[in-house]
Amino acid sequence: MNNISPEDQAALEATKAPLMEHLVELRKRLIWAVVSFGLCFVICFAFATPIFNFLTQPLHHVLAGKANDHFIYTALTEVFFTNVKIGMFGGICLGFPAIAAQIWIFVAPGLYKNERGAFLPFLLWTPVMFVMGGAFVYYVMLPFSIQFFAGYQQLNTQTQMGVQLQAKVSDYLDFVMTLIFAFGLTFQLPVLLSLLGKVGIVTTKGLKEMRRYAYVGLFGLAAVFTPPDAFSMLSLAFPLVALYEVSVICVRIIEKGKDREEAARKARAA
């Protein structure tokens, strides 16, 4: 590694251990991660009904006062397994900080001090961006998409049969969770590109030159991660394009910081 101080080298040498010790430590961290997920799963499963009521508020707002302002289920076990899905969904979201902490505890001793200082902020930003993606789905995209799709209902008259939305418990939850995970994961784009810029894999110039290809790729990614309709795809594609431009700015800021550090290092050497 370049520009590694003797103190950092000595600290890293002190963390070296036989392979078996690394495997034991990895097992320990995996156990703690599973325990964290399990505890969060139990908590979220116990509060599955309030969580479900929260997730269904956008649909309830659109259908309020109408005859179809309710859910249906067609399998005896459907509601139970829906609660299990909510428990798993909440367990992953709520338990992610603890799981990420276990990953960090395992990986950090193998990094130099400056590498730990560079990597930790990105690890902390990951759940923040996931929450922002989920919030965008719940407060912005979901109300508009529900209003859009519910608009295809039609009244029953003498000349036409009625078409009425009868929302199914499991289908609605799958729809919402898919969107939240899709947006939460794809909102990591600035974190990922900034981290790559920090280690020098990508540059501002390269991101700008690849912009047109990146846009095409982002639209394709949106088509993969969202339900098969143009509205959902565009609702993810346009924020991704904006996040890409934010990533370009972030990488540029990182490059300026690296340039200042390099200039200061040369000044001290002189």
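Bear in mind that the values in this text are calculations on the coordinates, not laboratory data. These numbers come from a predicted model, not from an experiment. Here Cβ is always computed from backbone atoms with ideal geometry, including for glycine, and neighbour counts include all displayed protein chains.
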Q. Where does the range 99-247 land on the Kirkwood hydrodynamic radius, alpha-carbon pairs, in angstrom?
A. 17.9 Å
Q | 5 angstrom amide H check on Lys168, placed H, neighbours 5+ away | A | Ile72
Q: Please state, to two decimals, what the Cα-based radius of gyration of the chain comes to when divided by 2.2 N^0.38 Å (N = residues).
A: 1.30
Q) When the chain is fully extended, how far beyond the present Cα-Cα distance does Val140 get from Val107, taking 0.36 nm per residue of separation? A) 8.2 nm
Q) What do you get for Rg/Rh of the range 23-153 when both radii come from the Cα atoms and Rh is the Kirkwood radius? A) 1.11
Q.
Using DSSP H assignments, which helices in the chain have an axial alpha-carbon span of 30 Å or above and a mean Kyte-Doolittle hydropathy of 0.0 or higher?
A. 19-46, 78-107, 113-136, 230-269
Q | Furthest towards positive pole of dipole, Leu55, Ile103, Cys93, structure part the chain, Cβ charges | A | Ile103
Q: Please pull out the direction-averaged projected area of the range 151-237, using the convex hull of its alpha-carbon atoms, in nm² to one decimal place.
A: 7.9 nm²
Q: Rank Phe187, Phe225, Phe54 by mean-square fluctuation in a GNM of the chain with C-alpha springs under 10 angstrom and give only the top-ranked residue.
A: Phe54
Q) Lysine pairs in the chain with alpha-carbon atoms under 22 Å apart, 8 or more places apart or on different chains: how many are there? A) 18
**Q.** the chain, relative contact order [Cα under 8 Å, separation at least 6], %
**A.** 20 percent
**Q.** Ranked by how many other beta carbons lie within 10 Å on average, peptides 190-197, 240-247, 72-79, 46-53 from highest
**A.** 190-197, 240-247, 46-53, 72-79
Q. Hey, got the dipole for the chain? About the Cα centre, +1 on K and R Cβ, -1 on D and E Cβ, debye to the nearest 20?
A. 680 debye
(Q) If neighbour count is taken as other Cβ atoms inside 10 Å, put Arg260, Arg211, Arg252 in order from fewest to most. (A) Arg260, Arg211, Arg252
Q) Given 0.36 nm per residue, what is the gain on full extension from Arg116 to Asp174 after removing their alpha carbon distance, in nm? A) 17.1 nm
Q: Along each of the three principal axes of the Cα atoms of the range 167-215, give the extent in whole Å, ordering the values from largest to smallest.
A: 49, 23, 9
Q: Evaluate the relative contact order of the range 96-206 (contact order divided by residue number), counting alpha-carbon pairs under 8 angstrom at least 6 apart; express in whole percent.
A: 33 percent
